[in-house]
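Heads up: the structure comes next, in structure tokens.
Any read-out appearing in this document is the output of simple, stated calculations on the displayed coordinates, not a laboratory observation. All figures in this text were calculated on a predicted structure; none of them were measured in a lab. Counting neighbours? That spans all protein chains shown, and the Cβs are built from the backbone with ideal geometry, glycine included.
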Amino acid sequence: MQSSVKKQIFAIPGSLRSGSSNHNILNFLSKLSPASVNFAIYDELATIPPFDPGNDNDTPPESVTKFRDLIAEANGIIICTPEYAFGIPGQLKNALDWTVSSGSFSGKPTALITASTGGENAHTALLKVLGAIDANLSDDTTLLISYIRSKMDAAGNITDADTEEKIKTVFNNLLNSI
Ligand SMILES: Cc1cc2nc3c(=O)[nH]c(=O)nc-3n(C[C@H](O)[C@H](O)[C@H](O)COP(=O)(O)O)c2cc1C
């Protein structure tokens, strides 16, 4: 008998910017999701306090507990992020640092899309970080999109067919890995 329980995808955008290209990509995937999938986009990254190992104890900040729980409850994670100053956006790296001790990502099917002007540095660094926290990802669930702004119109629609296809493929590969 097939389970009627929906697959939970937890999507984490690395940009806090209103109108963000990375948010637009996640919104696109949300609309594309089959009925068997519940696609939730995290919009509370800014509430995660700076990582402090001294507070990484049995009673961490409430927003951190919630973030960890959302990851734990998800069947799959998708991170979609730009690069800032040749690196991972600080607020995203900060949130990931809080998951080292909790092991929240361990074995969790994960997709990474880095959509930026260039993005190679953040993409490479994130692959290392995700490896360090034991996320379950592969070449099939990772994608670097450079010159993202030229591949999207002012309304946030993806205008480059090849990019759209690659985004869909990564998402389908994630769903298939769950
Ligand atoms: C402070 C700052 C630094 C940036 N540094 C980089 C960079 O090092 N590499 C890069 O690819 N893009 C860089 N960008 C450009 C971003 O990739 C671009 O603004 C992207 O659209 C941001 O993602 P978003 O649209 O999801 O907010 C930078 C942007 C800002 C505001």
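Taking other C-beta atoms within 10 Å as the exposure proxy, PHE28, PHE67 rank PHE28, PHE67 from fewest upward. Indicate, rounded to the nearest 5 percent, the antiparallel portion of the DSSP beta bridges found entirely in the chain. If we restrict to bridges inside the chain, about 10 percent are antiparallel.
Taking each residue as 0.36 nm, the span from VAL5 to LYS66 lengthens on full extension beyond its C-alpha to C-alpha distance by 19.8 nm. Full extension of the chain segment joining LYS128 with ASP160 gains 8.7 nm, where the gain is 0.36 nm per residue of separation less the Cα-Cα distance.
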